[in-house]
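Notes to accompany the following structure.
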Amino acid sequence: MNFATLGPEDSNHALVLARYLELRRQDLGGKDSPRSPTVQLVNDFPQAFQDLVDGHHDYVLQVSAHFSHADCVGRFMHRAFPVDSFIAPSRPLALVARKDVANPTSVLRQPATRHYTDLTGLEQRDAPTIVAALEGLLDGQADAAIVAEQALALYPDQLRLMRPLGPALDTWILYANRPLMDEVQQEPALGNSGALREHFRTTFARKKPA
């Protein structure tokens, strides 16, 4: 089985897919099973979805916050099918600046992160991934960037913290080239979540009249 998601290796997509596959290990036959999955990291999602429907991938994992998500869902309707979804955090993020810039005036950010913090006063420039935003920042393409917070530890002589942002808690969707069920189901396909049942219970308890 082949799973595809957005690279490079230190991207949030690669991180979350690795965690997902670890949690799904038993469903996939265990660590030493001949069905153990392979992972392919891709450069963009439209091509990954095309490769999915052409049979080159078995599954594609995409975060719903990705700027291409709506286009992929629409373009590949009835050809790419959601078969699983879950909630997962990203790496902790931060707005960082180059140490050689006293007053940043420009910022690199992946489009999905543009509202994560107030960027007023900064010229916003697109980067395809958070990793690319860091690479561009180090290359001098902007004064600041929204990147993984661990970049501060990796480049302590070059970067300084402007604002910690914490991890983004996102919805992730796994797509396949055939539906989860043979017939279209008119009701939601719900997973068995004890955490959600407890969430409903505590919400109900808070709403009960005194």
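Data for the structure
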| quantity | calculated |
| --- | --- |
| Any hit, the stretch 96-104, residues being surrounded by fewer than 17 Cβ atoms within 10 Å (Cβ to Cβ), aliphatic (A, V, I, L, M) and in contact (Cβ under 8 Å) with a residue 60 or more places away in the chain | no |
| Candidates Tyr155, Tyr175, filtered to the one that is closer than 23 Å to Ala102 by Cα and aromatic (Phe, Trp, Tyr) | Tyr155 |
| Number of the exception - Glu22 against (1) in a loop (DSSP other than H, G, I, E, B); (2) loosely packed, with under 13 Cβ neighbours inside 10 Å; (3) of a type outside the set (Lys, Arg); (4) modelled with pLDDT under 95 | (1) |
| Residue in the stretch 33-42 that is open to solvent by 40 Å² or more (accessible area, probe 1.4 Å), modelled with pLDDT under 95 and over 27 Å from Met181 (Cα atoms) present | no |
| From Phe67, Phe49, Phe81, residue being among the hydrophobic types (A, V, I, L, M, F, W, C), open to solvent by 40 Å² or more (accessible area, probe 1.4 Å) and touching a residue at least 60 places away in the same chain (Cβ under 8 Å) | Phe81 |
| Breaking point among (1) at pLDDT below 95; (2) farther than 22 Å from Thr171 by Cβ, for Pro104 | (1) |
| Any chance Ile146 is at pLDDT 95 or above, open to solvent by less than 40 Å² (accessible area, probe 1.4 Å), β-branched (Val, Ile, Thr) and under 18 Å from the mean Cα position of the chain (by Cα) | yes |
| Among the residues listed as Thr120, Thr171, the single one being among the β-branched types (Val, Ile, Thr) and surrounded by 10 or more Cβ atoms within 10 Å (Cβ to Cβ) | Thr171 |
| Contacts under 8 angstrom Cβ, first residue in the stretch 191-210 being at positive phi and of a type in the set (Ser, Thr, Tyr), partner at pLDDT 80 or above and open to solvent by 100 Å² or more (accessible area, probe 1.4 Å), 6 or more apart | none |
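The values are calculated or read from the model by the stated rules, or taken from the named source; none is laboratory data. The structure displayed is predicted, hence computed values, not measured ones. Using ideal geometry, Cβ is built from the backbone for each residue, glycine included, and neighbour counts are taken over all protein chains shown. Ligands, DNA and RNA are excluded from the accessible area calculation, which covers all protein heavy atoms including side chains. Shrake-Rupley method; radii C 1.70, N 1.55, O 1.52, S 1.80 Å.
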